[in-house]
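Q: Below you'll find the structure I mean.
Just so you know, all these numbers are worked out from the coordinates, no wet-lab data involved. Model, not experiment: these values are computed from the prediction. Glycine also receives a Cβ, built like all others from the backbone with ideal geometry; neighbour counts cover every protein chain displayed.
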Amino acid sequence: MQQGRVSEMCGIVGIALEDVSARAAIPIFYALYSLQHRGQESAGIATVSGTAGAGSVGGSGEIHLERGMGLVSEVFRENLSKLKGNIGIGHVRYSTTGASTLKNAEPLVVDYRDGRIAIAHNGNIVNASQLRNELKKEGRIFHSETDTEVLAHIFVKGLMKHNDPISALEEVMRRVIGSYSLTMLVNDTLIAVRDPVGFRPLCMGFIEGEKDANGVIFASESTAIDTLGGITLRDVRPGEVIIVREGCEYESFQFCKATNKAHCVFEYIYFARPDSVLDGRLVYDVRLKIGERLAEEHPVDADIVSPIPDSGVTFAIGYAKRSSIDYIEAFIKNRYVGRTFIMPEREARETAVRLKLNVVRENVASKRVILVDDSIVRGTTSKRIVERVRRAGAKEVHLRIGSPPIKAPCYFGIDTPTREELIASSHSINEICSILNADSIGYLSIEGLIDAIGMPAENLCLGCLTGKYPVEVPGEECIAKQLKLWQF
């Protein structure tokens, strides 16, 4: 997925090690490193010493926090030693709400009467503005622009009322509309939370930490657990809260059961690493099936199948396998062009694109080329890529896209443009083909996507593809009433 396309929001981690002398910050650092693809703007870790908690809210553990702007390796060059404690949470961020500034970096730490909490959030709250206004009228002060701080205030308000994190989190689930996977520290207690319909992924497992200390881990993707040599146990269920007790024993609370889920399809199309397992599906297998299905739905006579790196690779392998057309790379990606390679002038931007992706002329000259990518959003980057392949001498250029047309914005943690900016919202497929100067274009069908993921349509969020959303969004069509999404 190239610059100017859909961007993911965040990656989160939570770790509790049984040995109180162990340091959770080190495995959290490596886990965040494995989740770097989910956010490159900021990174943070919060730790605390404890006995993996006893579920109380009156613990005396001091929360240590280090966060900063940039990549994990940039933020934590010399300051990991400051993060003492065997329990902690971590976060990498891509901003969908709130500017890209340090005050909006996470984990967010909040003081309250009986102690401190730290919270790391992946998702987006639909009714955040309404809740923020209500909380401000009550006299609560906000220090950031993020909806994470709204979650924190509602949670703290519940703690003050009930003196119990379980009851406080039940209030969060009742009041908050939107997507949220959370890892939290409530004094010296580690808690993991997933919203009632499971928009954003969250899994749990077991690891060995420093000095062979056993531990529990929660992470946005299973690859974070794999990186630490751990074992993935299962996904945190939608509507579930898990509290880690003393000795790394854990207790589960199922607050609500959804008749239907709303797993984000773009996790499978693009966001997650292909070696991750999300809600029981290996992402690599899903993408391979998407490529195979694309070949069935949109066959074309051609000489080579090539991915647009890196997101199109597995799709292209599947397409080549099913079509029996040779898989040959039309582009080589420069791994050393940084994420901050932003230039204001058009000529400079064109140079940046050429630096990032170089056409292998000998592979495309006089060839009929199939280019496979994950999605098209605005279309500007896709048009540039087609033009470059043509200039390299390709006889024909055919685009094959591993998602259906994106026609509507996302409200649940994906930074998509407005409808007016989405090329598929106002143009037919034939018009898009003409705009991009391709010989043909083939999008995966919604039915093909559902079949490749292997889940019922009613358990997937298809809002950006259909304009119909699984929870109430002001001004949008909602299918929640028909689906009876959750019951407390």
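Q: In deg cm²/dmol, rounded to 500, what helix-only [θ] at 222 nm does the chain give when every DSSP H run of at least 4 residues adds -39500 (n - 2.57) and the total is split over its residues?
A: The per-residue figure over the chain is -8000 deg cm²/dmol.
Q: Which far-off residues, 5 or more places away or on another chain, put their amide H under 5 Å from the one on residue 264, with H placed in the peptide plane?
A: 461
Q: If packing is taken as the average count of other Cβ atoms within 10 Å, what order do 13-23, 228-238 fall into, highest mean first?
A: So the peptides 13-23, 228-238, ranked by packing, come out 13-23, 228-238.
Q: Another question, then. Restricting things to alpha carbons, tell me how big the stretch 106-186 is in terms of Rg and Dmax, in Å.
A: Rg and Dmax of the stretch 106-186, Cα atoms, are 11.4, 29 Å.
Q: Given the stretch 277-466, report the % of alpha carbon pairs whose separation exceeds 27 Å.
A: Of all Cα-Cα pairs in the stretch 277-466, 28 percent lie more than 27 Å apart.
Q: Could you give each residue of the stretch 252-263 its phi-based ³J(HN,Hα) in whole Hz, using Karplus coefficients 6.51, -1.76, 1.60 with θ = phi - 60°, and x for Gly or Pro?
A: In residue order, the calculated couplings are 10, 10, 9, 6, 8, 10, 7, 4, 9, 9, 8, 5 Hz.
Q: For residue 190, enumerate residues with amide H under 5 Å from its amide H, sequence gap 5+ or separate chain, H modeled in the peptide plane.
A: 244
Q: Relative contact order, percent, of the chain when contacts are C-alpha pairs under 8 Å separated by at least 6 residues?
A: 15
Q: Would you kindly calculate the mean projected area, averaged across all directions, of the convex hull enclosing the Cα atoms of the stretch 359-447, in square nanometres?
A: 6.1
Q: What is the projected area of the convex hull of the Cα atoms of the stretch 10-260, averaged over all directions, in nm²?
A: Average of the hull's projected areas for the stretch 10-260 equals 11.6 nm².
Q: Output the direction-averaged projected area (hull surface divided by four) of the convex hull of the alpha-carbon atoms of the stretch 70-218, in nm².
A: 9.6
Q: Normalising by the residue count of the stretch 82-240, find the relative contact order in percent from Cα pairs under 8 Å and 6+ residues apart.
A: Taking the mean separation of contacting Cα pairs over the length of the stretch 82-240, I get 19 percent.
Q: Would you give the gap between the C-alpha center of the stretch 364-409 and the C-alpha center of the stretch 122-144, rounded to a whole Å?
A: Answer, in whole Å: 42.
Q: May I have the convex hull volume per residue, in Å³, for the Cα set of the stretch 227-293?
A: 111
Q: So which of 84/161; 333/383; 103/136 end up more than 20 Å apart by C-alpha?
A: 84/161
Q: Relative to the present Cα-Cα distance, how much length would full extension add between residue 407 and residue 257 at 0.36 nm per residue of separation?
A: Separation in residues times 0.36 nm, less the Cα-Cα distance, equals 51.0 nm.
Q: Scan around residue 442 for amide H atoms under 5 Å from its own, H built in the peptide plane at 1.01 Å from N, and keep only partners 5 or more places away or cross-chain.
A: Placed amide hydrogens put 399, 400, 401 under 5 Å from residue 442.
Q: Which GluC sites (Glu not before Pro) does the stretch 118-185 hold that lie in a coil by DSSP with at most 12 other beta carbons within 10 Å?
A: Answer in residue order: 138.
Q: So which aspartates and glutamates can residue 261 reach, going by Cα to Cα under 12 Å and dropping same-chain residues fewer than 8 places off?
A: 195, 279, 458
Q: Using only C-alpha atoms and all pairs of different ones, pull out the Kirkwood radius for the stretch 264-312 in Å with one decimal.
A: 11.9
Q: Given the chain, what percent of its DSSP beta bridges are antiparallel, to the nearest 5?
A: So the antiparallel bridges amount to about 80 percent of the total.
Q: Radius of gyration and Dmax for the stretch 413-453's Cα atoms, expressed in Å?
A: Cα only, the stretch 413-453: 12.6, 34 Å (Rg, Dmax).
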